[in-house]
Amino acid sequence: MQTEIAFSDQHKGALAVRFVNEGDKMPFDTIPDSFTGKKLETFYLPEIRTLVVGFGKKEEFKPDYHRRAAGKAVKLASAYKISGVHFVQQGLGEKECVALAEGALLANYSFDKYKAEELKMCRVKTVSFPSTAKKFSDAIHRSAIVCDNTLMVRDLVSENSSVVTPEFMEATARRIAKRNKIHISVLKESELKRHGMNLLLAVGKASTQSPRLIILEYNGDTKSKDRLMIVGKGICFDTGGLDLKPRDSMLEMRMDMAGAAAVLGVMKSASELRMKKNLVGIMAVTENLIGEKAYRPKDIIRSYSGKTVENIDTDAEGRLVLADALNYGVKKFDPKLVLEFSTLTGSVVSTFGNHVAGMFGTENAVEYKKKVFEAGMETYERVWELPLFEEYLDEVAGERSDFRSLGKTRYNGAIFGAAFLSKFVEEKPFIHIDIAGTAMIDEAKDYMPKDGTGFGVRLAVEFLKRI
């Protein structure tokens, strides 16, 4: 359901939302003294259908509080089956209105496709602002486009892996490309063999569906030849291969295609926003299953780049498919920057939990990394840089082959994965974002649902606006 954005000073029937800071005089006498306006503290007055949200101390305020407050408002409206949410605050600026819209739209979501109708979330139909905020309507509507595509990515990540197969991912990409005038080409088994993409082929051997490289091209700036390339890992289900995952580790592995889904969401957003950028999106899509044809630990495989890789562990498959995708992309499209998203390592989850994604980058990508960080702080899809020092890069050297796919110890796994990928970008500026902890979460938070979060779409679009 598409949520309507409206601007009006009338809000009959809607949930009115007001904000207060800690220590402020409360706007209603019926609010008890126990409510002081602490950070994201809420008080609901059902008799006047109004929610009051605290923003804490003014000097400690963070911009994401607007999103989180809006998320709380939508969840309350949904629970009481109220069809609209109206932000009554006057004097809000563009950034505040955009953040409120984002929080509301992102919270107005539930992956409830398989629930009985009476158990499905009651969606809010209208999100409205005072009429004075109408001057920000363009920015709000542009933000709504990106939010809508974030929800699309959430659906893909949360859906059954028996539905979101390599074939399904291709069909979805083709449909989006056709509607949005994006050029699409797909390399399947015969073309992958011809190109020598043996790493991608090896990972998909046990699947009944061919691996595929899905390539999307959006040309929004005909005056420039510069291209930025965005690459995503698309393992539609990951058993770990012959190095089988423990049961609990396999339960959520339908999310292992979140990087590829994010790429699709970014490309769709760029086209719908008519961004003046030239982008190439590459999705490396397959399944890592078990069976008599499955690829094996310690096999040495020749990559598209010509370099050989000793496959230490079949559960380190993401870096293999990405290595072929990255190298093919940089050689064919000669991008000025490579930005890559993947649910690559459990190691990054051990470091950051699900609050922050790990960012890694080559030395020639310093200015780009800074802008990614800033974009993360703006969208609250935050990243934090981990190092790629020379010593880490040296660890990728193989003994029986050019490279080894896994480190010799159980330490610095996220860094090793990034160092491995950096060997396949032909010295192009390269940023790797490990979203293993942020692509899917176990517990809903304000405007973030349980399961797929859509992480990366808003981050990447904001980053593109900054370069």
Could you give the distance between the Cα centres of the stretch 402-430 and the stretch 139-197, to the whole Å?
26
Note: the stretch 307-405 at 10 °C, 1.306 mPa s; Kirkwood Rh on alpha carbon pairs; Stokes-Einstein D in µm²/s works out to 104
Run lengths n ≥ 4 of DSSP H only: what is the helix-derived mean residue ellipticity at 222 nm for the chain, with -39500 (n - 2.57) per run over all residues, to the nearest 500?
-10500 deg cm²/dmol
Using amide H atoms built in the peptide plane, which far-off residues or other-chain residues are under 5 Å from Lys39 H to H?
Gly56, Lys57
Karplus ³J(HN,Hα) for the stretch 418-430 (6.51 cos²θ - 1.76 cosθ + 1.60, θ = phi - 60°; Hz, whole; x = Gly/Pro) runs 5, 4, 4, 4, 5, 6, 10, 10, 6, 6, 6, x, 9
For Asn278, distant residues with modelled amide H under 5 Å away
Gly220, Asp221, Leu228
Tell me which aspartates and glutamates have Cα within less than 12 Å of Lys62's Cα, excluding those fewer than 8 residues away on the same chain?
Glu96, Glu378
Which ³J(HN,Hα) values in Hz, rounded to whole numbers, follow from the phi angles of the stretch 299-309 under the Karplus curve 6.51 cos²θ - 1.76 cosθ + 1.60, where θ = phi - 60° and Gly and Pro get x?
5, 9, 10, 8, 7, 4, 5, x, 6, 9, 10
Computed FRET efficiency, Cβ-Cβ of Ser131 and Asp334, R0 35 Å: what is it to the nearest 0.05?
0.10
Roughly how tilted is helix 137-158, in degrees to the nearest 10 and between 0 and 90, from the longest Cα axis of the chain?
50
Under a point spin-label approximation (7 Å from Cα along Cα-to-Cβ), what is the Ser8-Lys58 distance to one decimal in nm?
3.3
In order over the stretch 175-191: 3J(HN,Hα) from phi, Karplus 6.51/-1.76/1.60, θ = phi - 60°, whole Hz, x for each Gly or Pro, gives 5, 5, 4, 5, 6, 10, 6, 9, 6, 10, 9, 10, 9, 10, 3, 5, 5
Summing +1 for each Lys or Arg and -1 for each Asp or Glu, what net charge is found among the other residues whose Cβ lies under 12 Å from the Cβ of Ala325?
+3
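Taking only C-alpha pairs under 8 Å that are 6+ residues apart, what is the relative contact order of the chain in percent?
16
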Cross-link partners of Lys408 among lysines (Cα-Cα below 28 Å; sequence separation of 8 or more within a chain):
Lys205, Lys233, Lys245, Lys293, Lys298, Lys307, Lys423, Lys428
Take the Cβ-Cβ distance between Glu427 and Ser162 as r, set R0 to 56 Å, and report the resulting FRET efficiency rounded to the nearest 0.05.
0.85
Given the candidates Thr409, Ile176, Phe420, the one whose Cα lies deepest towards the positive end of the charge dipole of the chain, counting +1 at each Lys or Arg C-beta and -1 at each Asp or Glu C-beta, is Ile176
Can you list the lysines whose alpha carbon sits under 16 Å from that of Lys115, skipping same-chain ones fewer than 8 residues off?
Lys450
Under 5 Å between amide H atoms, partner at least 5 residues away or on a different chain: which partners does Thr314 have, H built in plane at 1.01 Å?
Asp243
Extension gain Leu251-Ile48, at 0.36 nm per residue separation less the Cα-Cα distance, in nm?
68.6 nm
First measure r as the distance between the Cβ atoms of Asn364 and Thr30, then evaluate 1/(1 + (r/R0)^6) with R0 = 45 Å and state the FRET efficiency to the nearest 0.05.
0.15
One quarter of the convex hull surface, Cα atoms only: what value does that give for the chain in nm²?
23.2
State, to one decimal in nm, how far the label point of Thr308 lies from the label point of Leu244, with both points 7 Å from Cα in the Cβ direction.
3.1
Of all chymotrypsin sites (Phe, Trp or Tyr not before Pro) in the stretch 108-154, the ones in DSSP coil with at most 12 other Cβ atoms within 10 Å are Tyr114
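Coordinate-derived values only; no laboratory data. Just so it is clear, the model here is predicted, and its values are computed rather than measured. Don't worry about glycine lacking a Cβ; one is built from the backbone with ideal geometry, like all the others, and counts go over all protein chains shown.
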